[in-house]
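The values are calculated or read from the model by the stated rules, or taken from the named source; none is laboratory data. What you see is a predicted model, and the numbers here were worked out from it, not measured in a lab. All Cβ positions, even for glycine, are placed from backbone atoms using ideal geometry, and neighbour counts span all protein chains on display.
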Amino acid sequence: MKVSMVHLMPHRELPEDFTTRYKSVWVTPPWHELIDGEQAGRYYNQSIDELLHAAESGYDGIGVNEHHQNAYGFMPNPNLMGTALARLTNHLDVGILQIGSTLPSTQPAIRIAEEYAMLDCISGGRLIAGMPAGTSMDANQCMGIPPIEQRERYYEAYELIMKAWQSREPFAFNGRYTQLPSVNVWPRPIQDPHPPVWIPGLGSLSTWKFAAKHNHNYAMLSFFGSQMGKKVMDGFWSFVDEEGLDRNPYRASFAQMVCVADTDAQAEKLFKEHIRYFFDKCMHVPLPWWGLPGHLDHASLANGIRSGSAIRQMEIMANFKNFSYKDFVDKDIVIAGSPATVADKLVGAVKDLRVGNLMTLQHIGSMPHELTKESISLFCQDVLPKLRDVWDDEGWVNHWWPVKIRATRAV
């Protein structure tokens with residue numbers, strides 16, 4: 001089992017009246033009213049330090065992602081953060097999980113091939129290459145990609161990146177959206193023929209199918225927890241079966257919010273306000289913005305409506321403001337409590353979802369720096385060891401993790 005900590009790097013001190021004063025945490029929040037550069041720099045550096053602490057404490061990987069024009073997670077270029085993390089962890093067998101650069105809105109997408117190759121070289125071959133399509137807020141509203149083009153642009157960018165990494169000779173690329181007279185990427189990744197590729201998704205049928213078809217890892221990014229994630233992961237495993245692939249649990253990943261304290265009661269006392277902050281403020285986005293018309297292709301939209309999953313997700317998101325701490329914890333949206341409670345729930349979740357790669361979010365919303373580090377320390381000391389051997393008895397190989405750090409970490 002491989003366990004990584006992923007960081008959103010959010011605004012940690014939004015005002016109390018944020019949701020009444022501002023329409024959204026994404027796309028439109030006014031920078032000059034909410035933050036300044038020195039404050040942002042403090043958040044960036046605290047987040048890097050928290051991820052470094054996770055790496056030094058025993059996590060198998062540390063990860064970052066890309067978002068634009070928002071206070072939910074203001075990391076417009078995750079590869080800048082990944083570079084710092086790669087260099088700071090060169091003494092550790094830790095994966096650098098870029099989850100990651102957004103393919104449709106990076107123009108031209110050959111920049112991703114170049115920057116990921118740089119990261120793989122700097123890290124000594126520890127990169128996991130996430131290839132997300134991007135949220136509707138980022139790609140469509142911030143970066144101007146027409147929703148109906150987003151998937152086509154994604155597929156074309158993917159083709160370009162994969163060919164650029166593997167081609168022995170320069171080649172011309174004449175796509176619909178990108179035309180390049182000579183593609184000859186310098187540098188190339190250490191990992192041959194390329195780093196492991198993870199395809200992040202929120203439950204789209206087309207994303208399941210794409211990950212299975214190309215034998216990549218499907219990385220489910222959800223703020224609905226493992227109970228809601230079960231239907232999504234069952235759908236992915238159905239596509240794996242249809243493609244005639246084995247049910248290797250390592251071909252799937254799942255993101256889960258996790259908070260650890262000495263006792264269940266202390267966890268509620270320490271984390272309640274920060275969980276409330278995240279779902280009240282960091283998820284303060286008009287519901288229609290999550291999927292503008294055309295953002296989902298027809299097959300994914302039809303599947304979401306027929307299965308009822310899209311409606312259930314919208315209902316839950318609309319009702320977050322009415323959830324108590326107990327609601328979040330009972331529904332496993334946040335797995336929080338003592339090390340014993342968290343370990344028991346996580347082991348059950350990864351077995352139920354059949355995932356061999358777990359991504360935890362241990363910094364949530366307004367959590368202060370020291371509290372985040374304390375939660376990380378408890379997790380690594382008392383929870384992580386109980387996850388290590390979950391799939392060992394089945395004898396699978398994690399082909400979606402860098403070869404040089406595939407063995408169990410010695411901490």
Study note, to complete from the structure: Out of (1) touching a helix residue (DSSP H, G or I) at 6+ places or on another chain (Cβ under 9 Å); (2) of a type outside the set (Ser, Thr, Tyr); (3) part of a helix (DSSP H, G or I), the one Glu156 does not meet is (1)
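A quick yes/no check of all residues on (1) under 30 Å from Pro402 (Cβ atoms); (2) of a type in the set (Ser, Thr, Tyr); (3) touching a Gly at 6+ places or on another chain (Cβ under 9 Å):
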{"position": "Ser4", "(1), (2), (3)": "yes, yes, yes"}
{"position": "Glu13", "(1), (2), (3)": "no, no, no"}
{"position": "Arg21", "(1), (2), (3)": "no, no, no"}
{"position": "Ser24", "(1), (2), (3)": "no, yes, no"}
{"position": "Pro29", "(1), (2), (3)": "no, no, no"}
{"position": "Asp36", "(1), (2), (3)": "no, no, no"}
{"position": "Asn45", "(1), (2), (3)": "yes, no, no"}
Review point. For Arg168, are the conditions met, namely being touching an Asp or Glu at 6+ places or on another chain (Cβ under 7 Å), surrounded by fewer than 19 Cβ atoms within 10 Å (Cβ to Cβ) and farther than 28 Å from Phe239 by Cα?
Key: no
Review point. Identify, please: which residue in the range 110-128 is out of contact with any Ser or Thr (no Cβ under 9 Å at 6 or more places or on another chain) and either under 14 Å from Gly100 (Cβ atoms) or not small (Gly, Ala, Ser) (or both) and is, among those, surrounded by the most Cβ atoms within 10 Å (Cβ to Cβ)?
Key: Leu127
Revision key, fill the gap. Those residues of the range 144-153 which are in contact (Cβ under 8 Å) with a residue 40 or more places away in the chain and either assigned to a helix (DSSP H, G or I) or surrounded by 17 or more Cβ atoms within 10 Å (Cβ to Cβ) (or both) amount to Ile145, Pro147, Ile148, Glu149, Gln150, Arg151, Arg153
Point to revise | Candidates Ser238, Ser222, Ser253, Ser226 - the one that is more than 28 Å from Thr341 (Cα to Cα) and either among the small types (Gly, Ala, Ser) or buried (at least 23 other Cβ atoms within 10 Å of the Cβ) (or both) | key: Ser238
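Condition check ((1) more than 14 Å from the chain's Cα centre (by Cα); (2) under 26 Å from Phe379 (Cβ atoms); (3) touching a residue at least 60 places away in the same chain (Cβ under 8 Å)) across all residues:
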| site | (1), (2), (3) |
| --- | --- |
| His53 | yes, yes, yes |
| His67 | no, yes, yes |
| Tyr72 | no, yes, yes |
| Met75 | no, yes, yes |
| Leu80 | yes, no, no |
| Ala117 | yes, no, yes |
Exercise for review: Check the range 371-388 and report whether any residue there is of a type in the set (Ser, Thr, Tyr) and outside any helix (DSSP H, G or I).
Suggested key: no
Study note, to complete from the structure: Restricting the range 257-275 to residues that are in contact with a Gly (Cβ under 8 Å, 6 or more places away or on another chain) and either in a helix (DSSP H, G or I) or among the acidic types (Asp, Glu) (or both), the one surrounded by the fewest Cβ atoms within 10 Å (Cβ to Cβ) turns out to be Asp264
Exercise for review: Please specify each residue of the range 8-40 satisfying the condition of being touching a residue at least 40 places away in the same chain (Cβ under 8 Å), part of a loop (DSSP other than H, G, I, E, B), out of contact with any Ser or Thr (no Cβ under 9 Å at 6 or more places or on another chain) and not basic (Lys, Arg).
Suggested key: Ser24, Val27, Thr28, Pro29
Exercise for review: Name the residue, out of Arg168, Arg111, Arg176, that is over 18 Å from Lys404 (Cβ atoms), without any contact (Cβ under 8 Å) to a residue 12 or more places away in the chain, assigned to a loop (DSSP other than H, G, I, E, B) and not hydroxyl-bearing (Ser, Thr, Tyr).
Suggested key: Arg168
**Study point:** Number of the condition not met by Leu245 [criteria: (1) modelled with pLDDT under 95; (2) among the hydrophobic types (A, V, I, L, M, F, W, C); (3) under 25 Å from Ser136 (Cα atoms)]
**Key:** (3)
Check your understanding: Between a first residue in the range 361-389 that is within 25 Å of His11 (Cβ to Cβ) and among the basic types (Lys, Arg) and a second residue that is assigned to a helix (DSSP H, G or I) and at pLDDT 95 or above, which pairs have beta carbons less than 9 Å apart while being 6 or more apart in sequence or on different chains?
Key -> Lys373/Asp49; Lys373/Glu50; Lys373/His53; Lys373/Ala54; Lys373/Ser57
Review point. Under the condition of being of a type in the set (Ser, Thr, Tyr) and either assigned to a helix (DSSP H, G or I) or modelled with pLDDT under 95 (or both), which residue from the range 41-71 is surrounded by the most Cβ atoms within 10 Å (Cβ to Cβ)?
Key: Ser47
Review point. Is it true that some residue in the range 340-348 is of a type in the set (Lys, Arg), farther than 25 Å from Gly130 by Cβ and either part of a helix (DSSP H, G or I) or modelled with pLDDT of 95 or more (or both)?
Key: yes
